[in-house]
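Read through the structure below, which is laid out as structure tokens, and then see the notes.
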Amino acid sequence: MRLSRSFLPTLKETPSEAQIVSHRLMLRAGLIRQTASGIYAWLPAGLRVLRNIAQIVREEQDAVGAQEVLMPTLQSADLWKRSGRYDAYGPEMLRIRDRHERDLLYGPTNEEMITDLFGQGVKSYKELPQVLYHIQWKFRDEVRPRFGVMRGREFLMKDAYSFDVSYEAAVDSYRRMMLAYLRTFQRLGVRAVPMVADTGPIGGDLSHEFLILAPTGESGVFYDGELETLDWLGEPVDVADRVSLDKFFSNVTSYYAATDEKHDEDAWDQVPGDRRREGRGIEVGHIFYFGTKYTKAMDISVAGPEGEAIYPEMGSYGIGVSRLAGAIIEASHDEAGIIWPDSVAPFKAVIINLKVGDATCDALCETLYAAAPEQFLYDDRTDRAGAKFADADLMGHPWQLIVGPRGAKEQKVELKRRATGERFELPADEALARVISR
Ligand code: ATP
Ligand code: MG
Ligand code: MG
Ligand code: MG
């Protein structure tokens, strides 16, 4: 993308409505704009980030056998009356009436709809397990929308739902999803720690929230620092094998990790002092098992081996895709701006032309840009160098390819790594190879 022709409206001033750093930086870097309370438009760079996050989430869902669907945002109230949640959900649900006086709602979540769709398509126990997910906008009329996209009213969520023939099989689905989540967050360049969460009337221990450590988080967190050092991408887990899943899950849950709601001082005392991590965290994902709650309430069953009715055991699994854009910034920024992990950055690199109009600079910049125009942002504006550097740091591109008249004569560029501030003077092709290989 050529910066001179793009809609990337950066702000020099700090917007007064933003209380936390990620919100300020998202506005300043031109990623989002608020259009109504808790409702945001995603501008070109922001949309690239959102899509990159969604794509990683999608790949890891697919890798554990979940199938993507797309359910609508608007749902019929009748569906929710069948589960009994239409009245129970309360004022967080946005209720709408159409011209024929039919009650609709903007979906805050999709348990009812997916259970209904499942019931229409699956008739026999032989077709289980089924895991379905979608990445779709949700609406929750939060009392206090705040912190930008972190607590919006309209927000993008990945929600998956599993249907299994038995409790044991549902536990396997839960564990597969735990693995998918750990891999997803690691690929997103953040450490999200799985913490025991409340299971409410369902009971048991199959509910985990994934939290990213940040001082602005809404929950207090206590966890064993070892959890941050584990490599889930390298972990060989055979997701088709119960023993392998069990080994993986026992390993993850052997480390202490809980939010303040579930914190247990006695268990905490067992964690070696130098490994105790205490602070605040942002919930970016939540997985839980709730058994036959919806299948029974909505009377959705499949035929068992003897033709008997079996109510499938369910779990649901959410990831806050739009919240993650903010949460990643909370975890990765400095005074100058955002520091995007390579995997989610809107552009791999910015090419900074220090002397637009100089034939040698322009030619070298064009060559660099042509190598990967879909991945590079080319700062071809005639602004001062200082302003270009400030914008590059603010927007947080992982690499900066800086082209000035002196270096350009020798086909050399200065390569800067945003995260470390390291600078290298390199022949243009070598710099390009380094950036593209990442
Ligand atoms: P919170 O405790 O922050 O209100 P929740 O527990 O109500 O979240 P879930 O129902 O577990 O949320 O939804 C799954 C995920 O959706 C959450 O883990 C979070 O990442 C995201 N999410 C929930 N509410 C919002 C919101 N208002 N804005 C942005 N993301 C949200
Ligand atoms: Mg909530
Ligand atoms: Mg919560
Ligand atoms: Mg939750």
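The values are calculated or read from the model by the stated rules, or taken from the named source; none is laboratory data. The shown structure was predicted, so the numbers you read here are calculated from the model rather than taken from an experiment. Virtual Cβ from ideal backbone geometry, glycine too; neighbours counted across all protein chains shown. For accessibility, only protein heavy atoms count, side chains too; no ligands or nucleic acids. Shrake-Rupley method; radii C 1.70, N 1.55, O 1.52, S 1.80 Å.
Quick check on my filter: what residues within region 140-160 are in a strand (DSSP E or B) and away from ligand 4 (no atom under 16 Å from the Cβ)? Please lay out each step first, then the result.
Here is the first cut: in region 140-160, the ones in a strand (DSSP E or B) are 146, 151, 154-160.
Those that are in a strand (DSSP E or B) and away from ligand 4 (no atom under 16 Å from the Cβ): 146, 154.
Looking across region 80-123, the residues that are in a strand (DSSP E or B), open to solvent by 30 Å² or more (accessible area, probe 1.4 Å) and of a type outside the set (Phe, Trp, Tyr) come down to 94, 95, 96, 97, 103, 104. Considering only region 240-284, how many residues are assigned to a helix (DSSP H, G or I) and either of a type in the set (A, V, I, L, M) or within 16 Å of ligand 4 (Cβ to nearest atom) (or both)? Matching residues across region 240-284 total 7. The set of residues in region 295-309 being touching a strand residue (DSSP E or B) at 6+ places or on another chain (Cβ under 6 Å) and surrounded by 19 or more Cβ atoms within 10 Å (Cβ to Cβ) consists of 302 alone. Take the conditions of a type outside the set (Asp, Glu), within 15 Å of ligand 1 (Cβ to nearest atom), touching a helix residue (DSSP H, G or I) at 6+ places or on another chain (Cβ under 7 Å) and farther than 20 Å from residue 51 by Cβ and apply them to residue 140. Does it pass? The answer is yes for residue 140.
In the set 99, 95, only one residue is more than 16 Å from ligand 3 (Cβ to nearest atom), closer than 25 Å to residue 321 by Cα, out of contact with any Lys or Arg (no Cβ under 7 Å at 6 or more places or on another chain) and at pLDDT 95 or above; that residue is 95. Residue count for region 57-77 satisfying the condition of being in contact with a strand residue (DSSP E or B) (Cβ under 8 Å, 6 or more places away or on another chain) and either within 16 Å of ligand 4 (Cβ to nearest atom) or assigned to a helix (DSSP H, G or I) (or both): 5. Checking region 340-360 against the condition returns no match, with no residue being within 15 Å of ligand 1 (Cβ to nearest atom), at pLDDT 95 or above and assigned to a strand (DSSP E or B).
Residues that are of a type outside the set (A, V, I, L, M), free of Cβ contacts under 8 Å to residues at least 40 places away in the same chain and open to solvent by less than 10 Å² (accessible area, probe 1.4 Å) occur in region 357-375; there is at least one. Residues in region 199-220 that are open to solvent by 70 Å² or more (accessible area, probe 1.4 Å) and near ligand 1 (Cβ under 10 Å from one of its atoms): 218 alone.
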